[in-house]
Amino acid sequence: MKVTGLALVPAPSAADLPKVTPELLASVLARYSRSNDGIGAILAKVDIANPEASIDRILRFVDYGHASIGGLTGGLAVALDGVSMWLAYKLFEIAQMADGQESSTRYITMEPANLPTAAELGIPADLAARWHDVMARAFAAYHAEYSRLDALAAAEPGRVRLPAGAKAAVATRLRKNYALDRARYFIPLATRTNVGLVQTSRMWATTVKQLDSLPHPEARAAAALIRDELLKQSPRLMRHSFAEGSYQEQGRQELEASLRMGLAQLSDQPLADRVWVKVDRETPPWFPQAQAVGESLRHRANRYGQQGQATRRMKVTFAWNNMALAELRDLNRHRTGHRYTPLIQAGFYLPAEVDRTIHSSLLADQMDLTRELMLRGSPAYAYSLLLGAQTPFEHSTHADKFIYEAELRTGMGAHFRYADHLSAVLREFLAQVPEAREWVVEGTAEPE
């Protein structure tokens, strides 16, 4: 694992603007909120070349509960090379206000050499060889299925749904994506990937604190490395980034709940799709909703258009019983509201094009390894999972954000499986909010 902080510098066109460090920016804007002077007058009182005294004087408010000052630092960028897919998922779960990207499974190395060591992940020493064997066999299954599916798509190009008039290079890319996206369920969740995140010092401190409070050695190692990088840019605010009792206790309780549920539901068989949607339109009696749903939606030219209060005030909670981790990696990145999964293996998904009987031995051995780790109460059980593992997943947000997600995740270039998941939830939503049907555009997940 390697963590690198990226320091932003102004563009040449901004050469005449005042120059501030992240913490000086926070302190100046904090003073701005407590002054009738303009920003120029405040900057004139700060020695830009030696800002330490001004920073210390203002940022002490953070220690008295004014955490919002930490949000004034602007975006601090950090790149994490070679972290597990589990840690990448966890970062996006925790850092709900971050902007970020993770390497696609279409582009990272799929070999046992691209796994962290068992010791780095906290795999018990007596299970390390068994874990590595299962992971190596999973990669072998991935490569075998990719080769088979790529050949199948070449022999039967109608499976790929190529756009009319597609050039040869486009046809080749879409054929390969067809195979890659159906073979990916054999990829271990422990596989190394890369993640880049940008967020304020306040949110970084919370993220690092939560990582440092988890029982996973990889999370705590990442916390230390991220902290070391951010101390270079925001040394005062990162003092609030160490493990804390309430975070540790909630992490302990969540792990215990996941172990109980995981052992009770552990399976390597496919789960039939089920969805649950709860729409809450209730408003205060003194402040009723005055806008029709159609008026909230019909003026948009596309999903990025502004929606009105009718959908922005409508609360929506939706859940699936069987979200494969492959899709969870994508849907977990929608930042609004609250997302939650126990991260268990209640079933195992493989697409119709893959004969699961060929892989029954691998799936049984992988499931037995997961069971053993869970019985030992080890948080490292997560690293025994493959991306086909199916887990419950719940997301609560507002209707405008849900509609955007549904249109995005069924639209052009959407992965076929999460398009299925979003279409199922969208049907249930529209059954409860039928007046939105005319204005919500459900896509067909056509190739891009």
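Observations
- Protection proxy ranking of 98-105, 10-17 - average other beta-carbon atoms within 10 Å, highest first: 98-105, 10-17
- C-alpha long axis of helix 360-375 to longest principal axis of the chain, angle in °: 40
- Cross-link reach list, lysines versus K167, counting only Cα pairs under 24 Å and skipping chain neighbours closer than eight places: K176
- Apportionment of accessible area to carbon and sulfur, segment 332-448, percent (1.4 Å): 52
- Its alpha carbons give the chain an Rg and a Dmax of 24.3, 73 Å.
- Each residue of segment 125-133 is assigned a 3J(HN,Hα), and the resulting list reads 4, 6, 9, 4, 5, 5, 4, 5, 5 Hz, derived from the Karplus form 6.51 cos²θ - 1.76 cosθ + 1.60 (θ = phi - 60°), x at Gly and Pro.
- Amide H contacts of L386 (H built 1.01 Å from N, in plane; Pro and chain starts excluded): L189 sit under 5 Å, all sequence-distant by 5 or more or on other chains.
- In order along segment 403-415, the Karplus-derived 3J(HN,Hα) couplings, from 6.51 cos²θ - 1.76 cosθ + 1.60 at θ = phi - 60°, round to 4, 4, 4, 5, 5, 5, 7, 10, x, 4, x, 5, 5 Hz, and Gly and Pro are given as x.
- The chain: most fluctuating residue of V170, V28, V293 per GNM, C-alpha cutoff 10 Å: V170
- Fluctuation leader among Y381, Y404, Y418 - the chain, Gaussian network, Cα springs under 10 angstrom: Y404
- The chain: calculated mean residue ellipticity at 222 nm from DSSP helix runs of at least 4, using -39500 (n - 2.57): -13000 deg cm²/dmol
- Angle in degrees between helix 245-265 and the longest Cα principal axis of the chain, rounded to the nearest 10: 10
- Taking all Cα pairs closer than 8 Å and separated by 6 or more residues, the relative contact order of the chain comes to 18 percent.
- Segment 170-230 shape via C-alpha gyration tensor axes, a/c threshold 1.5: prolate
- Per-peptide average of other Cβ atoms within 10 Å, ordering 388-395, 240-247, 339-346 highest first: 388-395, 339-346, 240-247
- Counting only Cβ charges, +1 for Lys and Arg and -1 for Asp and Glu, the dipole size of segment 153-244 around its Cα centre is about 380 debye.
- Using bins of 5 Å that start at zero, the share of Cα-Cα pairs per bin across segment 62-210 amounts to 2, 8, 14, 14, 13, 12, 12, 10, 7, 5, 2, 1, 0, 0, in whole %.
- Degrees, to the nearest 10: 201-212 long Cα axis against longest axis of the chain: 50
- Accessible area per residue, Å², segment 292-448 with all protein chains present, probe 1.4 Å: 36
The values are calculated or read from the model by the stated rules, or taken from the named source; none is laboratory data. Being a predicted model, the structure only gives us computed values, none of them experimental. Neighbour counts run over all protein chains shown; Cβ positions are idealised from the backbone, glycine included. Surface areas here come from the heavy atoms of the whole protein model, side chains and all, with no ligands, DNA or RNA. Shrake-Rupley method; radii C 1.70, N 1.55, O 1.52, S 1.80 Å.
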